[in-house]
Amino acid sequence: MKIHVTQEDIDNGKRGDAYGCPIALALHRSFKRKWSVGLTCAKNTNGKVIEIPRSAQRFIRTFDNRKPAKPFNFILK
């Protein structure tokens, strides 16, 4: 599934917040379920854990380090 992290997700995202980061917001919008996002994986409220791709991992480091972050897409397998 293709996940779209939008400018709105970035604007509303919270640095260092597993439930409020832009990727968590994008996953919530895509799956209609809350997600927590770590540096290498994401977990939903049902306990399902998925590995996130390197592009998403790089985005998290960029966003959390207060560097300019741009909208992007990634694929979940």
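Read the figures in this text as sums done on the coordinates, not as results from a lab. What you are looking at is a predicted structure, and each value in this text was computed from that prediction instead of being measured. In this analysis, Cβ positions are derived from the backbone assuming ideal geometry, glycine residues included, and neighbour counts consider all displayed protein chains.
Points to keep in mind about this one:
- Residue ID - farthest from residue 70 (Cα to Cα), chosen from residues in region 4-26 that are in contact with a Leu (Cβ under 7 Å, 6 or more places away or on another chain) and touching a residue at least 40 places away in the same chain (Cβ under 8 Å): 13
- Residues that are more than 19 Å from residue 1 (Cβ to Cβ), of a type outside the set (S, T, N, Q) and in a loop (DSSP other than H, G, I, E, B), drawn from region 39-77: 39, 66, 67, 68, 69, 70
- The conditions of being over 16 Å from residue 1 (Cα atoms), in a helix (DSSP H, G or I) and either under 9 Å from the mean Cα position of the chain (by Cα) or without any contact (Cβ under 8 Å) to a residue 60 or more places away in the chain (or both) are not met by residue 29.
- Residue in region 6-21 that is of a type in the set (A, V, I, L, M, F, W, C), surrounded by 18 or more Cβ atoms within 10 Å (Cβ to Cβ), under 10 Å from the mean Cα position of the chain (by Cα) and part of a strand (DSSP E or B) present: no
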